[in-house]
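See below for the structure under consideration.
Just so it is clear, none of the values below were taken in a lab; they were calculated from the coordinates. Bear in mind the structure is a predicted one, so any value in this text is a computation, not a measurement. Virtual Cβ from ideal backbone geometry, glycine too; neighbours counted across all protein chains shown.
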Amino acid sequence: MIPYKTAAALVPSLAPLQATQAEVFDRIASDVVLSSSLWANVALAGFSILLFVAMGRSLQSERAKLIWVATLLVPLVSIASYVGLVSGLTVGVLTMPPGHPLAGQEVLQPWGRYLTWTLSTPMILLALGLLAGTDRAKLFTAVTMDVGMCVTGLAAALVTSSYLLRWVFFVISCAFFVAVLYVLLVEWPADAQAAGTSEIFGTLRNLTVVLWLGYPILWALGVEGFALLDVGVTSWGYSALDILAKYVFAFLLLRWVAANERSVGGADPLGGTTTMADD
Amino acid sequence: MIPYKTAAALVPSLAPLQATQAEVFDRIASDVVLSSSLWANVALAGFSILLFVAMGRSLQSERAKLIWVATLLVPLVSIASYVGLVSGLTVGVLTMPPGHPLAGQEVLQPWGRYLTWTLSTPMILLALGLLAGTDRAKLFTAVTMDVGMCVTGLAAALVTSSYLLRWVFFVISCAFFVAVLYVLLVEWPADAQAAGTSEIFGTLRNLTVVLWLGYPILWALGVEGFALLDVGVTSWGYSALDILAKYVFAFLLLRWVAANERSVGGADPLGGTTTMADD
Amino acid sequence: MIPYKTAAALVPSLAPLQATQAEVFDRIASDVVLSSSLWANVALAGFSILLFVAMGRSLQSERAKLIWVATLLVPLVSIASYVGLVSGLTVGVLTMPPGHPLAGQEVLQPWGRYLTWTLSTPMILLALGLLAGTDRAKLFTAVTMDVGMCVTGLAAALVTSSYLLRWVFFVISCAFFVAVLYVLLVEWPADAQAAGTSEIFGTLRNLTVVLWLGYPILWALGVEGFALLDVGVTSWGYSALDILAKYVFAFLLLRWVAANERSVGGADPLGGTTTMADD
């Protein structure tokens, strides 16, 4: 039992948290490897936004526009995410638990990455699903399992009480990922075949599956897992994956949609037009 | 006005928060009643996931699959939620305000429960609504009011500045609950009648209404309200309600859907097929 | 490297954060200008809820009901938001970074406003979009860009490491706002023309556009930006904008829907009825 109000005045009460954001900001700014891994994405996301706005301006059909907006949201979320990391707002300093290779040490943890993946990766899946001509149930599955994957990945990164429980969350996150992979590799290819978008869907799905497998591998090798890579290299790893899985992916998708609008501009399989009635 | 950066180095700045997670973890681990209330749900959620995957494998129609995935997400969210509680990541230590029976004392607050209910309870309502053949407006009402109920319940649990305002949030949360009950008790029964799923809907609705009423009652009797029950008993109360309202509910629903797929496999009332055009 | 567990016992570990909520609560309660700006909204939101429930009771068509529930959610979210601010739960104490007019000073930051706008403003756009007869792609654009605007506005308010990055987030938030404005000013007016709801849509859109422009202007002039206005006046500014853009807006919308249900009660453009098939 402690007195309800401590003698401490208001002034210093949030000082520790406040100091941290400014100090993390300085620490990031003074680490060239880490810092460049973040600013490179701010720049590329900004360039992608301008490029994608230009590429999508002439789209007419509802489904093509929906794909375009979902794709455009990927670099939009990304630029906000990376500015948040650079500012230190979404970067914590965590003490690793006993058993972890860096046990007892304080490690910079850019947890904002996981938070914003929760918002950006569903957009990638929405765009892919619309391209394949998904139905509602499959899209719902892909998106909810993807959000589950990101949120439990965030938890895996933030647990500091037990090394074992970090890996338990890692395994749960991977289980959600398996459900996403199932939709990508089994369900949607058949839909894309029927929708006549098989070729481009296949290319983008392969790109997505291969690159997305890189994230849990990096988690395991990086600071959060076995710590074989240091903070800056881990961060560059994620940044490189983001560049390929987000901007390059989105560019290829939009270029195809802009050139083949008629192929995706037909009946919207989510919209309950006549194609739905055949279910 | 304080100097922008305190003299304190980075190292100790987040130490208090860090220490807390590890200490909460130890405190939970050393309390057999509390600890068992959490691990029991981890085990049951894990078993439910495996069982439900097996039960749903042969479903074919879109609506049946959607019900299945929504139902499967309930134990998936639950296992992540309970691992979060066990780790201490989503458990706080709050000092109760003057007026509260435990005023000035520090109490373990597993606020992660409220956060994850925000994600799992909409899935229960989605499954029930699809079973009843809901339209979009009723489903939107049920889900948004349910999210409002969970988020304001979270706020009720986290307010430590005023005993009165804890109960104000409790009342707001109950007002959202009344809206959910209205959909469950007035709107959907008529839809289920029309859809021919009246019997199973009635059973599952009764189970849901009775069990969901248990949560605010437990809040009032438990540590968060009048504190007639201690932390471990309160936690077991929520865990028991979760077991019945989540895994048992989901099992009954899936067993029925698997055996009666044709009854739910017809036109999707949310999808705008021919049944929609009659609205 | 610090020892994994500090000598500090559990008891004082969260004391700083705890003390803050109670102290912020007292500080708000003792500032008549600030306090009245919050309680006025609690009262008006409560009154609006009762009024709107009464106004919507006789609505029959699905689309009219959907507009009604979305509109009703605006004061429901609002009352929860303002009780959260009054309690101190969603109000922080931030030290402004060098370069800011209040550099080094601690400022009360009611960040809960941004969080709850993320939930309430999509409801306003949903109601407006349904009134205009939007398609899925435009509604998706408006809502996702709006959420992006609110979340990056929250980030702008919480960054304390760099004055420049506060404004970078402000600019990103405004870029999202431009996308929302594009839908409101270019896309939906044409839809409303086709749907025969042009007059009321025009009125409500003008009200929304003018008032929503007030928020970034107030951010720039208030404590968060150039600090030309103090905390109490800034808070009254937001509260006055909320009163007009939320309760008055919602009242005008619901009054029109209640009197003209037939005009919005037709085919739901999001529902894939026959009007969808013509896309």
Legend entry - Reachable aspartates and glutamates from A:LYS138, criterion Cα separation under 14 angstrom, eight or more residues apart if same chain: A:ASP146, A:GLU187, A:ASP191, A:ASP279, B:GLU62
Legend entry - For the protein assembly as shown: rounded, prolate or oblate by the Cα gyration tensor [a/c cutoff 1.5]: rounded
Legend entry - Simple Cβ-charge dipole of segment B:19-264, Lys/Arg +1 and Asp/Glu -1, about Cα centre, in debye nearest 20: 520 debye
Inset, instruction - Rounded, prolate or oblate: pick one for chain B, where a ≥ b ≥ c are the square roots of the eigenvalues of its C-alpha gyration tensor, a/c under 1.5 means rounded, and failing that, prolate if a/b is larger than b/c, else oblate. - result: prolate
Legend entry - Summed side-chain charge close to B:SER78 - residues other than B:SER78 whose Cβ falls under 9 Å, Lys, Arg +1, Asp, Glu -1: 0
Inset, instruction - Assign one of three labels to segment A:27-167, namely rounded, prolate or oblate, based on the Cα gyration tensor with a ≥ b ≥ c the square roots of its eigenvalues; rounded applies when a/c is under 1.5, prolate when it is not and a/b is larger than b/c, and oblate otherwise. - result: oblate
Inset, instruction - Using the Cα centre as the reference, give the magnitude of the dipole from point charges on the C-beta atoms of segment B:15-155 (Lys, Arg: +1; Asp, Glu: -1; all else neutral), rounded to the nearest 20 debye. - result: 520 debye
Legend entry - Estimated 222 nm signal from helices in the protein assembly as shown, with DSSP H stretches of n ≥ 4 weighted -39500 (n - 2.57), rounded to 500: -23000 deg cm²/dmol
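Taking the beta-carbon count within 10 Å as an exposure proxy, list C:VAL159, A:VAL168, A:VAL248, C:VAL178 from fewest neighbours to most.
Fewest-to-most Cβ neighbours within 10 Å comes out as C:VAL178, A:VAL248, A:VAL168, C:VAL159.
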Legend entry - 7 Å along Cα→Cβ, label-point gaps from B:VAL32 to other copies, nm, shortest first: 6.0, 6.0
Inset, instruction - Could you tell me which of A:LEU50, A:GLY84, A:MET96 has its Cα farthest along the dipole of segment A:27-144 towards the positive end, charges placed at Cβ (Lys, Arg +1; Asp, Glu -1), taken about the Cα centre? - result: A:LEU50
Inset, instruction - May I ask you to report, in nm to one decimal and beginning with the shortest, the distances from C:GLN105 to the same position in the other copies, taking label points 7 Å along Cα-to-Cβ? - result: 4.3, 4.3
Legend entry - Long-range HN-HN contacts of C:PHE226 with modeled amide H, under 5 Å: C:LEU221
